[in-house]
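Here's the structure, in structure tokens; my notes come after.
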Amino acid sequence: MAEKLIEKVKYFVGMDEDELENEEYDGEVEEEQTMQTSKTNKVYNLHKNEQVNVVIFEPKDFEEASVIVDNLKTRKPVVVNLEEVETELAKKFFDFLSGAVYALDGNIQKVSASIFILAPSNVELTGAGTREDFKAKGPFPWQK
């Protein structure tokens with residue numbers, strides 16, 4: 001009885017048993033594409049020494065201030081020597097660079113009377129000159 005039911009379904013669909021066996025696929029055969037999965041290395045080397053480059057600037061005009069800030073944005077510490085710059089231009093430089101360091105959550109420290117080190121947030125500055133000393137004395141001799 002079950003065989004008759006199957007025969008009726010085949011007849012209803014329009015296929016006889018002989019047609020099912022003789023039917024061939026004329027289309028192109030798609031090859032199975034092997035998906036290559038890339039494995040990422042999940043091991044982190046704790047002893048890897050990452051080299052930090054310190055950039056030194058002796059600016060002559062104010063247009064160089066944006067280049068200094070661009071280095072800070074790429075997380076490079078910058079030493080700025082303002083000894084050869086006029087007093088008014090040095091004030092302008094210092095104000096601009098201080099704002100940039102603040103905006104980038106960095107740090108600025110005085111090295112000498114007109115030399116400063118600007119550090120991005122990933123670099124910690126330590127040493128004799130602290131922020132409190134810097135705030136108390138002011139960055140320039142004219143700010144006492």
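Show me the helices (runs of 4 or more DSSP H) entirely contained within segment 1-95 in which 3 or more residues are at pLDDT 90 or above. Talk me through it step by step, then tell me what you get.
Values: elements: 2-13, 17-22, 65-73.
Ranges flagged: 65-73.
Among what's in segment 96-112 and is part of a helix (DSSP H, G or I) and not small (Gly, Ala, Ser), pick the residue that is farthest from Lys76 (Cα to Cα). Spell out the reasoning first.
Let us first name the residues in segment 96-112 that are part of a helix (DSSP H, G or I), namely 96-103.
Retained after the next criterion (residues that are not small (Gly, Ala, Ser)): 96-97, 101-102.
Working: Phe96: 17, Leu97: 14, Val101: 12, Tyr102: 15 Å.
So, considering only residues that are part of a helix (DSSP H, G or I) and not small (Gly, Ala, Ser), the one farthest from Lys76 (Cα to Cα) is Phe96.
Is it fair to say Val101 is without any contact (Cβ under 8 Å) to a residue 60 or more places away in the chain, within 29 Å of Glu50 (Cβ to Cβ) and surrounded by fewer than 16 Cβ atoms within 10 Å (Cβ to Cβ)?
no
Among the residues of segment 113-144 satisfying the criterion of being among the aromatic types (Phe, Trp, Tyr), surrounded by 10 or more Cβ atoms within 10 Å (Cβ to Cβ) and not in a loop (DSSP other than H, G, I, E, B), which is modelled with the lowest pLDDT? Even if it seems obvious, please write down each step before you answer.
Just the residues of segment 113-144 that are among the aromatic types (Phe, Trp, Tyr), to begin with: 116, 134, 140, 142.
Add one more test, that the residue is surrounded by 10 or more Cβ atoms within 10 Å (Cβ to Cβ), and what stays is 116, 134, 140.
So of that shortlist, the ones also not in a loop (DSSP other than H, G, I, E, B) come out as 116, 134.
Details: Phe116: 91, Phe134: 55.
Filtering first and then ranking leaves Phe134.
The values are calculated or read from the model by the stated rules, or taken from the named source; none is laboratory data. Given the structure is predicted, the values throughout are model-derived calculations rather than measurements. In this analysis, Cβ positions are derived from the backbone assuming ideal geometry, glycine residues included, and neighbour counts consider all displayed protein chains.
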